[in-house]
Amino acid sequence: MPAPLIIAIDGPSGVGKTTTSRMVARELGIPHIDTGAMYRALAVAATREGIDTHDSAALEQLAHRVRIDFIAGEPPRVLLNDEDVTSLIRTPEMSMAASNVSAVPAVRRVLVRLQQDLGRRGGGVLEGRDIGTKVFPETPFKFFLTARPEVRAQRRHDELAAKGEEVDYDAILAATVARDDQDSNRADSPLRYDDSYTVVDTSDLDIPAVVNAIVNGVRART
Ligand code: DC
């Protein structure tokens, strides 16, 4: 049996990873695995149980205890112990809480193992921060999406505004920069790329152009 096709899509927040990864997965007929959603679901579980998002021992225990599942569909759903938490995980509070729990090495060990199991089972487009550096470093298909912080903050702003939420652009920009800073400077698996990645600056590209660049890049080599 041929090895499952693994595509790594890493990059900072608000760069379009989720929409892009979902469309690439659909084009190639393989699963989409949103690894950020796993850290977010764990952050929801921690918040509910009153666990501090820096409490390494309690978070490790929690990570072993919870079940996180993805249900494919339009839109895809994220389940925490069988409960649909798809909307709950997307709040600005859970963004920062997810960033906090993701800095805990013991949490990463549990979730990375889960991500590797999922990928090995049926291949996939995995999006995150460390897919090409830690989760599947051996895949030849690694893409790093970037965009100027102002563009990323504007996209988040528009996304939230479209959901009817009251949002302040400056606050979003500050939160975006703070979270990227934390994700890029943690000790374990910081957001990084090297020359094994194809870097795509999405600042002035629309989503279909980014999807095409990735799909064509993969098809040219398979
Ligand atoms: O991609 P996202 O914004 O949904 O991710 C939420 C947080 O989870 C992000 O701030 C950092 C963390 N994360 C991570 O450390 N490693 C991943 N592979 C994916 C996300």
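Restricting the search to region 95-110, which residues are more than 8 Å from the ligand (Cβ to nearest atom) and not in a helix (DSSP H, G or I)?
V104
If a residue must be more than 23 Å from N216 (Cα to Cα), of a type outside the set (V, I, T) and within 16 Å of the ligand (Cβ to nearest atom), how many such residues does region 25-58 contain?
12
Here's the yes/no breakdown for (1) of a type in the set (S, T, Y); (2) closer than 27 Å to A220 by Cα; (3) more than 13 Å from the ligand (Cβ to nearest atom):
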position	(1), (2), (3)
G128	no, yes, no
P149	no, no, yes
D158	no, no, yes
Q182	no, no, no
S196	yes, yes, yes
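Has region 43-58 got at least one residue that is at pLDDT 95 or above, within 24 Å of R192 (Cα to Cα) and assigned to a helix (DSSP H, G or I)?
Looking through region 43-58, at least one residue is at pLDDT 95 or above, within 24 Å of R192 (Cα to Cα) and assigned to a helix (DSSP H, G or I).
For region 4-24, check the following and say yes or no: at least one residue is within 13 Å of the ligand (Cβ to nearest atom), surrounded by fewer than 19 Cβ atoms within 10 Å (Cβ to Cβ), within 14 Å of the chain's Cα centre (by Cα) and not charged (D, E, K, R).
Yes, there is a match, as at least one residue in region 4-24 is within 13 Å of the ligand (Cβ to nearest atom), surrounded by fewer than 19 Cβ atoms within 10 Å (Cβ to Cβ), within 14 Å of the chain's Cα centre (by Cα) and not charged (D, E, K, R).
Identify, please: which residue in region 25-44 is touching a residue at least 40 places away in the same chain (Cβ under 8 Å) and farther than 17 Å from R108 by Cα and is, among those, nearest to the chain's Cα centre (by Cα)?
Here the residue is H32.
The values are calculated or read from the model by the stated rules, or taken from the named source; none is laboratory data. Quantities reported herein were computed from a predicted structural model and do not represent experimental measurements. All Cβ positions, even for glycine, are placed from backbone atoms using ideal geometry, and neighbour counts span all protein chains on display.
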